[in-house]
Structure formats: C-alpha cells, structure tokens
Amino acid sequence: MPRPLVITLLLVVFSLPVQARVNEFELSNGMKVIVKEDHRAPVVVSQIWYKVGSTYEHNGITGVSHVLEHMMFKGTARHPAGEFSRIIAENGGRENAFTARDYTAYFQQLHKDRLPIALELEADRMRNLQLPTAEFAKEVQVVMEERRLRTEDDPQALTFEQFNAAAFQVSPNRNPIIGWMDDLKNLAIEDLQAWYRRWYAPNNATLVVVGDVDPQRVLALARTHFGPLPAARIEDLKPRREPVQRGLRRITVKAPAQLPVLVMGYKTPNIATADAPWEPYALEVLAGVLDGGASARLARNLVRGQQIATSAGAGYSLYSRLPGLFTFSAVPGNGHEVAAVERALRAEIERIRTEPATADELKRVKTAVVASAVYQRDSLFYQAMQIGTTETIGLGHEVLDEYVARIQAVTAEQVQAVAEKYLVEDALTVAVLEPQSMAAGTPPSPVAGGRHGG
C-alpha cells in the first residue's frame, strides 16, 4: 500500500549513515580517491572522473572532449586497441564512458575481486594513450554521424541546441557537448593530443569506487596503479561569465518535423552561484510543483484541463559548474497554436509568482524527493555518479547529504520568492520549432547506440 511504503522510505533515508560510509583520500600526486562501502552484493563500480567537458572548450575545437573520450578506447603500447574492452568482458564486467558539460568519466562494473584489473587498465590509459592518426580519422567520422543522427535529424534536439546557443552569448553552455559540425570537420589529431596532455593527469582526476570493498584496500590499489603517475600543471580556465541579459530573446527554428515545439528558459543560479543557500533548493521544489507527475500543475492544467498541450514540462538542475536555466517545454495539442501554449505557460508562471504553492503541493513534492533519493541509493552506479558529479564540479560529495534536509526545509514563501526573482521576462529566451515539410529534408532517423570500444 502506498502510504506505509512512503513512511518506510522516509525512515530509511533519514536513518542512512551516508557520510560515515564515504572515505576520501588523496594520493601524493594530487589524485582524489573516494570509496563508499556497500556490501549488499559482491560487486563494485569503479569510475574515473576528469575535470574536463564541453564547458572547458573554446570556439574552433568544440566537441574535442567527446572525441577524445572515443579515442580513449584505441589503446596504449601495453594494451592495444580493443584490449581494454576485451579484458573487462573476459572478467565478466562491463565498461563504457560518457562526456557532459563539466566532466568526462569512464566506468567499469565488475566482481569485487576484479577491481585491480580495472584500476591497472585505467591508470595505463591515463598517461599512455596512443592517438593514431588513422584511428582518429575514422572515429571523428563516427562522431559526426552520431551528431547527424542525434541532433541534425532530430528536430526537437536541434531546437534545444539552437535554444541554448541563443540563451547564452558568452558562457560555454552555448556549445553542444558533441560539438558544432564545422568544428568536428576541422578537428585535428594535434587538438586531441594537446587536450589529452592538458587534462588527463592524476591531479585532475577523481577515482570513485562504490561496492563491496575495504576502503584501505582500495587506497592501496590506487597507490600501486595511479601513485607512480606524475602530476601535471593544470592551468586555470578563463571565467567567460555570461553578461546580464537585457531583455527577451526569441528565435524560430525551421526543420522537417511533424509537430511544433515550444522551449522557454530563464537564467537561474545553481548551488555554487546562488545569492542564498536555500534558493537552488527552492527552485528544485518549484520545478516539482510545476512538473512532478500527473498531479503537477502543468500536466493537470495544460494537458488534462485545458487540453491545450499534448505534453508540457519544466526542469532545473542545481548541480552544475556554471549557472544554467530553468526551462519549460511543450507540444501544442490538436487545434492549438504555439502562441496559445506560450500564453498558457506564462499564465502558470505568473500564477506561481503571485500565489504561493499549497501545502498539499509541497507535501507531494517533498515526499517524491525523499522517495527518489532512497531509490537512487539502491544503485551502486548512481551512488558513484552522484559522488563523481559533485566532486568534479567542485561542490564536494558532502553536499549530497544535505539534499533531503534542504528540500524538506523549503517553504511556500521561498518557492514564490525564487519564482518572482528569477522567472522574469528580461531573463527569458524562447525558441519555437516551426515544422517544415518532411519531404524538404531528411526524415528523423533512429538513434544509434553510443557504446565505445574496439
């Protein structure tokens, strides 16, 4: 029954001694090692996080972090191309990698006894990667095809990409993680070599291990495999701060599509940049009031009530290196224009700015947050993801332990205050996907898998 389950979850989350089970070390070369014990099964998740992603890139080499991630599977002198993946598979594990705005990470999931194998392989490619020109020529073509499939042939993804580029003028948030196509076409192997030398060093990396392990044993393994690697000089990034937006921005994106799409975004701070510590958590609750399931305002009022939209949502992320956006998106319902949907969305925004959320709304959001936090901790991989993300963007993993209590402390007045402060027209960017005839361009294609290796 739902109610007893929620009560159980609440008791579980507040009783978890999370901080006591996270162990943090630093090697003599500056590499961080974070270990979280979880002894429910004899398995382990090992992740290496590098402080480099698309927001570290500059014009002309956008996408270089992601292309380098692909090339990290092309081998070293000790382990030629394909051997990394083969060894992990032979030991019953799985591995892959991902690039985001603020980080690039590599992971393995294995039996706990196989952890030394993963660490030996990761340490080897941290400083000994080979970047063969022929392999680069093939891999950059793979990435360009990935961009065609995931963005240029996907009208909604294309609209979001153009929306970000319009919302940010200076901030590197304006660049797509996969890179602009022209930059990919002109990327050179020398760009990757310089990027690898600059960022792939132990003092720019964090090893996160979660699972059935002894922290001191993991530390000893890290010293064995990563300890001999020399630290590198990591240059500070130029700040590239986004100037204050001076008014509403609006763009139209024309692309072959069946349905129009509306995207709206307001400039908002994150945990690192907010004026007050409670503001990011109030924005998080605000997103839940508007878009937190079937009973949230946008679904209840715009989709089921007025039936003016077939879908409508809101989103916000408090964990990021740079300030971002509080976003809205919607697809008009049959017989309704985009302009009408925008008016309806903005009416909901005006309502939350002028009327506090109800007690029932806050209770629903906070209950969902607590339940989600419990379920997320059920996954070793997600626990490691949370630790790696917060460490790599500079917040520290301790911020995770504050999350539930901070959300619980948010008041209706604070939700209204952040809506009134940040959801203002001068900080708004609007993008509209204007569908073109499908015959005028390439129809949407299925998205290919993103696994590397070999």
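What the table shows:
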| read-out | value |
| --- | --- |
| Environment charge at residue 115 (Cβ cut-off 11 Å; Lys +1, Arg +1, Asp -1, Glu -1) | -2 |
| Residue 378/residue 25 FRET efficiency (R0 22 Å; Cβ-Cβ; nearest 0.05) | 0.30 |
| Contour excess over end-to-end distance, with Cα ends at residue 337 and residue 190 and 0.36 nm allotted per residue | 48.0 nm |
| Net charge over other residues, Cβ less than 13 angstrom from the Cβ of residue 125 (K, R count +1; D, E count -1) | -3 |
| The range 305-344 versus the range 98-149: alpha-carbon centroid distance in Å | 35 Å |
| Computed [θ] at 222 nm, deg cm²/dmol, the chain (DSSP H ≥ 4; -39,500 (n - 2.57); rounded to nearest 500) | -12500 deg cm²/dmol |
| Solvent exposure of the range 309-359 as accessible area per residue, Å², 1.4 Å probe | 43 Å² |
| Centre separation in Å (Cα based) which lies between the range 395-421 and the range 352-388 | 11 Å |
| Accessible-area composition of the range 354-394, carbon plus sulfur, in percent [1.4 Å probe] | 58 percent |
| Cross-link reach list, lysines versus residue 185, counting only Cα pairs under 26 Å and skipping chain neighbours closer than eight places | 51, 74, 138, 238, 254 |
| Cα→Cβ-extended label distance, 7 Å offset, between residue 252 and residue 170, nm | 3.1 nm |
| Protein accessible area in the range 55-97, 1.4 Å probe - carbon and sulfur % | 47 percent |
| Average Cα contact separation per residue, the range 272-379, under 8 Å, 6 or more apart, as relative contact order % | 23 percent |
| Theoretical gain in end-to-end length, residue 37 to residue 141 [0.36 nm per residue, Cα-Cα removed] | 33.3 nm |
| Nearest-0.05 FRET efficiency for residue 425 and residue 310, computed from C-beta distance (R0 30 Å) | 0.70 |
| Rounded to 5, the percent of DSSP beta bridges in the chain classed as antiparallel | 75 percent |
| Charge tally in the Cβ shell below 12 Å around residue 139, where Lys, Arg are +1 and Asp, Glu are -1, residue 139 excluded | -2 |
| The range 189-240: C-alpha gyration tensor shape, a/c 1.5 cut-off, then a/b vs b/c | prolate |
| Nearest 10 degrees, 0 to 90: helix 133-147 Cα axis against the chain principal axis | 20 degrees |
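The values are calculated or read from the model by the stated rules, or taken from the named source; none is laboratory data. Quick caveat: nothing in here was measured; it's all calculated off a predicted structure. Counting neighbours? That spans all protein chains shown, and the Cβs are built from the backbone with ideal geometry, glycine included. All accessible areas refer to the heavy atoms of the entire protein, side chains included, with ligands and DNA or RNA removed. Shrake-Rupley method; radii C 1.70, N 1.55, O 1.52, S 1.80 Å.
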